[in-house]
Structures are given as structure tokens and as C-alpha cells.
Amino acid sequence: MSVAVGVQIGGVAKTMAAKVFRVGRSSTGLGLFAVRPIAKKQYIATYSGRWITNAEAARRENRGSKYMFEVNSRWTIDGSSRRNLGRYVNHSCRPNSEAVLRKGKMIFVALRGIAPDEEITFDYGKEYFDLFIRPIGCRCAACTRKAALKRARRRKATARPGPARDAPGEANRHRTRCRRGPSFPGWRRRGGRPAAG
Ligand SMILES: C[S@@+](CC[C@H](N)C(=O)[O-])C[C@H]1O[C@@H](n2cnc3c(N)ncnc32)[C@H](O)[C@@H]1O
Ligand SMILES: [Zn+2]
């Protein structure tokens with residue numbers, strides 16, 4: 001259900017779907033961002049690449065590849081190619097897209113309406129999260145908000161009556177202690193693993 005655009009190629013009229021995203025900078029490297037409103041269930045992008053066995057995917061993952069997309073108990077898509085723009089979809093614990101297998105292709109579709117400039121995200125599942133995201137700390141919007149809230153609560157809990165204005169040494173010590181907030185421990189999954197990913 002993407003926007004259909006009529007184009008004339010070599011005198012033959014063809015219908016081509018206009019891209020609904022752009023590749024841009026996100027807090028986690030590159031990411032995909034909506035360039036127009038995307039409706040719930042609308043097609044966003046394809047996760048393309050060679051289909052390889054899960055055993056081969058495990059070998060490639062052990063060599064450091066982050067772009068293995070498990071389709072089922074047998075097959076995985078190796079999305080390492082830069083032509084696969086689907087590989088730039090970042091993880092979120094509160095995603096706005098899901099991956100579905102349609103006509104032999106793994107595609108991302110919107111889970112809800114997505115506004116222009118919103119980042120397109122997907123929940124890569126527990127295994128991926130534990131292997132690649134947890135060690136570096138999840139920087140999705142939900143976890144970032146949660147971490148900020150936790151820091152604010154901790155600041156409030158440790159807040160004491162302010163030092164006298166004529167005691168700058170005291171004030172500095174207090175500020176330093178507050179700024180050193182807890183390091184965010186990462187996000188813990190509550191649900192089960194999605195069908196693919
Ligand atoms: C499928 S790639 C996504 C595209 C990637 N940002 C890039 O620039 O190539 C997944 C990798 O991006 C980073 N990443 C994605 N989502 C993240 C998140 N929520 N928090 C931290 N890092 C994330 C991790 O390095 C992860 O292994
Ligand atoms: Zn998260």
C-alpha cells in the first residue's frame with residue numbers, strides 16, 4: 001500500500017512504489033527515517049540478501065556479522081550488502097514496524113501510523129538484543145526515556161538541602177555527586193521472541 005507513482009520508462013508506463021524512507025544519522029549510527037506519513041500496515045522496506053542456512057548464519061555471526069535475519073528454523077537472510085537498505089533499521093524495545101514474510105520476501109510494515117522524520121524501528125528479538133544491544137546499552141527512545149527518568153528519580157532521592165551560597169566548595173561537591181548517576185543496566189525483555197528476526 002505504498003504510494004504508487006506512474007513513470008514512463010522507454011515508452012512503457014510502469015508503476016513504481018515511491019520510497020517512504022531515507023537513510024539518515026541516528027543515535028546508533030545510520031537509521032531509516034520516514035519522509036512522509038506512513039499508515040498502519042503500510043509497506044516500508046524489504047530486508048534483502050542471500051538466503052543461507054542457519055548453521056552458516058551462525059558461522060558468519062561468530063565472525064562478527066550483525067546483519068543475519070533469521071526467517072525460520074532453517075533459513076536466514078544475510079543482509080550484509082549495502083544495497084539492502086533494510087539493514088539500517090535500528091532496534092527499539094517499542095518498535096513502530098514489524099517484519100513479515102510476504103511472497104517470499106522479508107518486509108517491514110508499519111505497526112502504527114508513523115510521522116515524517118520519525119525513525120523506523122523494529123524489535124530484533126531477545127537473542128539479537130543479548131548479543132549486540134545489551135553489551136552497549138540500548139539507546140532506543142523508550143530506554144533513553146527510562147534511563148533519564150531513573151536518573152531524575154535518583155537525583156531527587158539524593159537531593160539534600162542546598163549548601164549555603166557562600167560555600168562554593170560544598171556546592172561543587174554536591175553537583176559532582178549528583179551528576180554521577182547510575183549507569184543504565186540495559187533493557188530486560190518481558191515478552192517472548194518474535195517469529196522472525
Ligand atoms: C541492523 S544494524 C542497524 C544499522 C546500524 N545503526 C548501522 O549504522 O549500520 C544493528 C546495529 O546497530 C546498532 N543499534 C541498533 N539499534 C540499537 C539500539 N537500540 N541501541 C544501541 N545500538 C543499536 C548496534 O550496533 C546493532 O548491532
Ligand atoms: Zn530499548
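Considering the range 56-90, the residues that are part of a helix (DSSP H, G or I) and of a type in the set (A, V, I, L, M, F, W, C) include one that is nearest to Lys105 (Cα to Cα), namely Leu85. For the range 52-86, the set of residues classified as farther than 20 Å from Pro135 by Cα and touching a Leu at 6+ places or on another chain (Cβ under 9 Å) consists of Val71, Asn72, Leu85, Gly86, listed by residue number. Residue by residue through the range 133-162, note down the ones that are within 14 Å of ligand 1 (Cβ to nearest atom) and either basic (Lys, Arg) or part of a loop (DSSP other than H, G, I, E, B) (or both). Residues satisfying the conditions are Arg134, Gly137, Cys138, Arg139, Cys140, Arg145, Lys146. Before we move on, is Gly64 at positive phi, buried (at least 16 other Cβ atoms within 10 Å of the Cβ) and more than 17 Å from the chain's Cα centre (by Cα)? No: the conditions fail for Gly64.
Each row is one residue, and each column tells you yes or no for (1) farther than 17 Å from Leu30 by Cα; (2) modelled with pLDDT under 95; (3) within 9 Å of ligand 1 (Cβ to nearest atom).
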residue: Phe69; (1), (2), (3): yes, no, yes
residue: Ser81; (1), (2), (3): no, no, no
residue: Leu101; (1), (2), (3): yes, no, no
residue: Ala110; (1), (2), (3): yes, no, no
residue: Gly113; (1), (2), (3): yes, no, no
residue: Glu118; (1), (2), (3): no, no, no
residue: Leu131; (1), (2), (3): yes, yes, yes
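Across the range 80-102, which residue is nearest to ligand 2 (Cβ to nearest atom) among those that are without any contact (Cβ under 8 Å) to a residue 40 or more places away in the chain and small (Gly, Ala, Ser)? By that ranking, first place goes to Ser80.
(1) surrounded by fewer than 21 Cβ atoms within 10 Å (Cβ to Cβ); (2) under 24 Å from Arg139 (Cα atoms): which one isn't true of Phe69, the others all being true? So the condition that Phe69 fails would be (1). Note on the range 103-131: residues that are in a helix (DSSP H, G or I), in contact (Cβ under 8 Å) with a residue 40 or more places away in the chain and exposed (fewer than 14 other Cβ atoms within 10 Å of the Cβ) total 2.
The values are calculated or read from the model by the stated rules, or taken from the named source; none is laboratory data. Note that the structure is predicted; figures quoted are calculated from it, not measured. Please note: Cβ atoms are built from the backbone with ideal geometry, for glycine as well, and neighbour counts cover all protein chains shown.
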